[in-house]
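Accompanying notes for the structure given below.
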Amino acid sequence: MVTAFTAAETTAMATALKAALNGPRGANPLVGAVIVDPQGRELVTGFHRGAGTAHAEVDAIAQAAAAGIDLSGCTMLVTLEPCNHLGRTGPCARAIIDAGITDVVYAVDDPHDPAAGGAATLRQAGVRVRAGLGAGEALDLNRQWFEAVAAKRPFVTLHIAQTLDSRIAAEDGTSQWISCPESLADNHAVRGRIDAILVGTQTVLVDNPRLTARDAAGNPATKQPVRAVMGLRDIPADAAVHGSDGLVLHLPTRDPREALSSLYGSGMRHLMVEGGSRILSAFLAAGLVDELIVYLAPTLLGSGTPALTGLGITTLADAQQWEWDASDGGAVRTLGRDLRLHLRPQRTVALDPQPSRATAEQAQGGY
Ligand SMILES: NC(=O)c1ccc[n+]([C@@H]2O[C@H](COP(=O)([O-])OP(=O)(O)OC[C@H]3O[C@@H](n4cnc5c(N)ncnc54)[C@H](OP(=O)(O)O)[C@@H]3O)[C@@H](O)[C@H]2O)c1
């Protein structure tokens, strides 16, 4: 059966897909939602701002409530099937029913088991539900997230703070700070919304970082990431990474897959890999990076530790290809004197228009 969509619905779905890009990538997918009135006029647009915040549907409904807009008989267009579970923010299906919305059009199924089933709940309540509008774009929007959920591993953000000539430390080992204060603040904001941060044992031995999320004055953020150290050597007992809260994990392995599996088993759904170069290279070489954030300082060293030590590539045809990521503030931003570059792996395979529901438990850090 071919599902029919109106021109207004197609336009509104395009608005929802664009709105989704305002959010940050991570444990949760990017989602946008638009509510149109029975004449097809767009009333409100919502998007998801990341794990632990209102979902796009609830954001849109809240905006309508704040503006005193009655949503009875309206249609919601949303880029992902509305969720059906309590999670940290309440089920979207229930919020949609309570708002009096009578039609829902969504792009793709939610593969995340605890959240799935929203469409069935809506239908049971008498809401007309149609799926598939904008499915290709919606899948592409979150293709790394779908991949991470299916693989039962955390979504991986890779962070590199480097000079113009791709150095992350000088010859004498000094690396603090290559980035300007604005970039550091941005990095700490990301730290405040991830589940875990990972460095290699060498970085712990050389830099002795705390790996906490802090504001510009050095005060700790409310939410702190678990600090993970990867490598076979022990972490010195007096290393700053131990902190006082016990949120530290030693991963005695050199295998990125094993590290991810262990972190996933500990409930981590969004990991940021911070370095150093051998760790960054290991994750990149294994094809386990979903998002790349590079802080590029207008600085030259000419020597020192390179950002990457090798990806096993010997010919240009095998080069890793990345594409600019327009989400979360854009692909290229100026932060103080630095540039912040935001990328994601270039798509290499055709997308399945209807991903099967994975059995993943994208819990905790996720929905
Ligand atoms: N600018 C930045 O943003 C930034 C961030 C972090 C670090 N850094 C700099 O990076 C430098 C450290 O980089 P690095 O490359 O020497 O050390 P690293 O990547 O921090 O750690 C390397 C160590 O990790 C372990 N390891 C775990 N998995 C591995 C794998 N797949 N391949 C290789 N080693 C693995 C090994 O130690 P075991 O023997 O214990 O297994 C290895 O010696 C420091 O100078 C630091 O200042 C800069």
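The values are calculated or read from the model by the stated rules, or taken from the named source; none is laboratory data. Because the structure is a prediction, the values reported are computed rather than measured. Ideal geometry is used to build each Cβ from the backbone, glycine not excepted, and the neighbour counts take in all protein chains shown.
Observations on the model:
- Subset of segment 236-272 [part of a loop (DSSP other than H, G, I, E, B) and within 11 Å of the ligand (Cβ to nearest atom)]: Pro252, Thr253, Arg254, Asp255
- Odd one out for Ile279, checked against (1) touching a Leu at 6+ places or on another chain (Cβ under 8 Å); (2) farther than 28 Å from Arg210 by Cβ: (2)
- Pair list, Cβ < 6 Å and 6+ apart or interchain, from segment 155-166 residues that are more than 20 Å from Leu263 (Cβ to Cβ) to residues that are crowded, with 22+ Cβ neighbours inside 10 Å and of a type in the set (Phe, Trp, Tyr): Ala161/Tyr295
- Selection status of Leu316, assigned by the TED database to the domain that holds Thr163, more than 24 Å from Ala196 (Cα to Cα) and not basic (Lys, Arg): yes
- Boolean, Ala107 is part of a strand (DSSP E or B) and either of a type in the set (Lys, Arg) or away from the ligand (no atom under 14 Å from the Cβ) (or both): yes
- Matching residues, segment 207-216, being touching a strand residue (DSSP E or B) at 6+ places or on another chain (Cβ under 8 Å) and either aliphatic (A, V, I, L, M) or free of Cβ contacts under 8 Å to residues at least 12 places away in the same chain (or both): Leu211, Ala213
- So Leu247, is it closer than 22 Å to Leu284 by Cβ and in the same structural domain as Arg340 (by the TED database): no
- From the options Ala99, Ala60, Ala95, residue that is in contact with a strand residue (DSSP E or B) (Cβ under 6 Å, 6 or more places away or on another chain) and crowded, with 19+ Cβ neighbours inside 10 Å: Ala60
- Test: residue in segment 166-182 that is buried (at least 20 other Cβ atoms within 10 Å of the Cβ), at pLDDT 95 or above, more than 24 Å from Leu341 (Cβ to Cβ) and assigned by the TED database to the domain that holds Pro252: no
- Number of the condition not met by Leu280 [criteria: (1) among the hydrophobic types (A, V, I, L, M, F, W, C); (2) assigned to a loop (DSSP other than H, G, I, E, B); (3) near the ligand (Cβ under 8 Å from one of its atoms)]: (2)
- Note on segment 253-307: residues that are in contact with a Gly (Cβ under 8 Å, 6 or more places away or on another chain) and either among the aliphatic types (A, V, I, L, M) or not assigned by the TED database to the domain that holds Ile168 (or both) amount to 3.
- Among (1) near the ligand (Cβ under 10 Å from one of its atoms); (2) assigned to a strand (DSSP E or B); (3) touching a helix residue (DSSP H, G or I) at 6+ places or on another chain (Cβ under 8 Å), the one test that Ser179 misses: (2)
- The residue that is modelled with the lowest pLDDT, counting only those in segment 198-235 that are away from the ligand (no atom under 16 Å from the Cβ) and in a strand (DSSP E or B), is Pro220.
- Residues that are surrounded by fewer than 17 Cβ atoms within 10 Å (Cβ to Cβ) and in a loop (DSSP other than H, G, I, E, B), drawn from segment 22-48: Asp37, Pro38, Gln39, Gly40, Arg41
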